[in-house]
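Peer 1: Handing you a structure now.
Each value in this text was obtained by applying a stated rule to the coordinates, not by laboratory testing. Bear in mind that the values here come from a model prediction, so they are computed numbers and not experimental data. Don't worry about glycine lacking a Cβ; one is built from the backbone with ideal geometry, like all the others, and counts go over all protein chains shown.
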Amino acid sequence: MDAGTVRALVAEQFPQWADLSVTPVAQQGNDNRTFRLGDGLAARLPAGPEYAAAVEKEDRWLPVIGRHVTVAVPEVVATGRPGQGYPHSWSVRRWLPGDVLPAAGPVDDARLGADLGGFLRELQRTPATGGPPAGAHSFDRGRHPSRYEGEVRAALARLGSTVDQAACAAVWADAQPTSWSGDPVWFHGDLAPGNLLVRGGRLSAVIDFGVCGVGDPACDLVIAWTWLGDAGRAAFRDAVDLDEGTWARARGWALWKALITDPGSPLHGEQRRARTALLNGR
């Protein structure tokens, strides 16, 4: 999956764009590969079969979500089919300007927290009738974090005395008796720094809805610990306006992610920060 393959796919299926330059974006995700097409478009290709179903889901639901949120979300303009040795459907979207959060330079923490909370509040108020219920397609985001009980226990056993076992167990235990009692709502499912675009110091777009769905929104609160500081976390909490049980499950999701991240991964730094904030009760 390189620029040559994308160029061939575009020329074969969308000849009107065959003359556009094809350039891989600097910050690639794990689930998809993205290539800029000229100045105004981008091609997005699933990285494997487990991510391929997201193409149809995003095609169907991004227009619905986009009508109900004020922050920009991807706009699909065409859907490609397998070809040129590439086995999955893929999509062409409008290019969204901005820098991913880790590359955006200084951003006011409290302002970002308020922006993120406002986006999630709008997302959760988007009509969810007929939306995809949480499940395998969302890697169980939108369900209860207890789905990952085995991974949490295995990680704690592996990490041993390198983490505060009692504090970790308390965070996990606090999440277990809680549940989402409202109607299912939209969740993004991967509200990570690399999926947030910033322009002029403000949140300008949220991208990569590949694991989105309808269910419990607790999974979307994890960024409170993986990125935001104390001021941002407080502003985020005020803006998103969710109950204490949802925050307890969110802490469970954040703990799971912090425990399973490979120490050699580029994500390890942010997950270590998350673990510290969690166990300090913030």
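Peer 1: If you average 1/r over all unlike Cα pairs in region 158-219 and invert the result, what Kirkwood radius do you get in angstrom?
Peer 2: With all distinct Cα pairs of region 158-219 included, I get 14.8 Å.
Peer 1: If I take R0 = 22 Å and measure r between the Cβ atoms of Glu149 and Asn30 in this structure, what FRET efficiency does the formula 1/(1 + (r/R0)^6) give, to the nearest 0.05?
Peer 2: On the way: r = 23 Å, r/R0 = 1.07.
Rounded to the nearest 0.05, the efficiency is 0.40.
Peer 1: Could I ask something else about it? Can you tell me which of 185-194, 231-240, 72-81 comes out highest on packing, and rank the rest after it, using the mean Cβ neighbours within 10 Å?
Peer 2: On the way: 185-194: 23.2, 231-240: 18.9, 72-81: 17.0.
The peptides rank, most packed first, as 185-194, 231-240, 72-81.
Peer 1: In addition: Report ³J(HN,Hα) in whole Hz for each residue of region 187-204, in order, from the Karplus equation J = 6.51 cos²θ - 1.76 cosθ + 1.60 where θ = phi - 60°; Gly and Pro get x.
Peer 2: Karplus values, whole Hz, x for Gly and Pro: 10, 7, x, 8, 7, 9, x, x, 9, 10, 9, 10, 9, x, x, 10, 4, 10.
Peer 1: Further, regarding this structure: Amide H to amide H, which residues 5 or more places from Gln84 or on other chains are under 5 Å from it, using H placed in the peptide plane?
Peer 2: Those qualifying (amide H under 5 Å, at least 5 residues apart or on another chain) number zero.
Peer 1: Note down the relative contact order for region 100-279 as a percent, whole number, built from C-alpha pairs under 8 angstrom at least six residues apart. Intermediate values should be presented prior to the final figure.
Peer 2: On the way: 298 pairs, mean separation 63.0, N = 180.
Relative contact order, region 100-279: 35 percent.
Peer 1: Turning to a different aspect of this structure: Please get the size of the charge dipole for the chain, origin at its Cα centre, with Cβ charges of +1 on Lys and Arg and -1 on Asp and Glu, quoted in debye to the nearest 20.
Peer 2: Computed charge dipole of the chain: roughly 120 debye.
Peer 1: Residue by residue through region 115-120, which ³J(HN,Hα) values in whole Hz follow from phi under the Karplus form 6.51 cos²θ - 1.76 cosθ + 1.60 (θ = phi - 60°), with glycine and proline marked x?
Peer 2: Result, rounded to whole Hz: 4, 5, x, x, 4, 5.
Peer 1: Can you work out ³J(HN,Hα) from phi for every residue in region 218-233, in order, using Karplus 6.51 cos²θ - 1.76 cosθ + 1.60 and θ = phi - 60°, giving whole Hz and x for Gly and Pro?
Peer 2: Taking θ as phi minus 60°, the curve returns 4, 4, 7, 8, 4, 4, 4, 10, 7, 9, 5, x, 4, 5, x, 5 Hz for region 218-233.
Peer 1: Which FRET efficiency value, to the nearest 0.05, is calculated for Arg202 and Asp39 with the Förster distance at 22 angstrom and r the Cβ-Cβ distance?
Peer 2: Values: r = 22 Å, r/R0 = 1.01.
That gives a FRET efficiency of 0.50.
Peer 1: If all Cα-Cα distances of region 92-139 are sorted into 10 Å bins from 0 onward, what percent lands in each bin, rounded to whole numbers?
Peer 2: 18, 30, 39, 13
Peer 1: Let me ask another. If I stretch the segment between Val77 and Asp108 completely, what's the gain in nm (0.36 nm per residue apart, minus their alpha carbon distance), one decimal? Spell out each step's value before the answer.
Peer 2: Values: separation 31, 0.36 × 31 = 11.16 nm, distance 3.32 nm.
Here the segment from Val77 to Asp108 would lengthen by 7.8 nm.
Peer 1: In what sequence, highest mean first, do 14-21, 124-131, 107-114, 85-92 appear when ranked by Cβ atoms within 10 angstrom?
Peer 2: Numbers: 14-21: 12.9, 124-131: 15.0, 107-114: 19.2, 85-92: 17.4.
Ranked by mean Cβ neighbours within 10 Å, highest first: 107-114, 85-92, 124-131, 14-21.
Peer 1: Next question, about the same structure. Starting from the amide H of Trp90, placed 1.01 Å from N in the peptide plane, find each other amide H under 5 Å away whose residue is 5 or more places distant or on another chain.
Peer 2: Amide H neighbours of Trp90: Gly80, Arg81.
Peer 1: Roughly what % of DSSP beta bridges within the chain run antiparallel, to the nearest 5?
Peer 2: On the way: 27 of 29 bridges.
Bridges in the chain are about 95 percent antiparallel.
Peer 1: Can I ask one more? Nearest 10 degrees is fine. How inclined is helix 268-279 to the longest principal axis of the chain, computing both from alpha carbons?
Peer 2: Here the helix axis deviates by roughly 30 degrees.
Peer 1: With no solvent and one equal point scatterer placed on each C-alpha of region 3-96, evaluate the Debye formula and give log10 I(q)/I(0) for q = 0.12, 0.14, 0.16, 0.23 Å⁻¹, two decimals.
Peer 2: Here log10 of I(q) over I(0) equals -0.35, -0.48, -0.63, -1.28.
Peer 1: Here's another thing I want to ask about it. Could you give the angle, 0 to 90 degrees to the nearest 10, between helix 49-66's Cα long axis and the longest principal axis of the Cα atoms of the chain?
Peer 2: 90
Peer 1: Now for a different question. What is the log10 of I(q)/I(0) for the chain, computed with the Debye formula using one identical point scatterer on each Cα and no solvent, at q = 0.07, 0.13 Å⁻¹?
Peer 2: Ignoring solvent entirely, the Cα scatterers give -0.26, -0.90.
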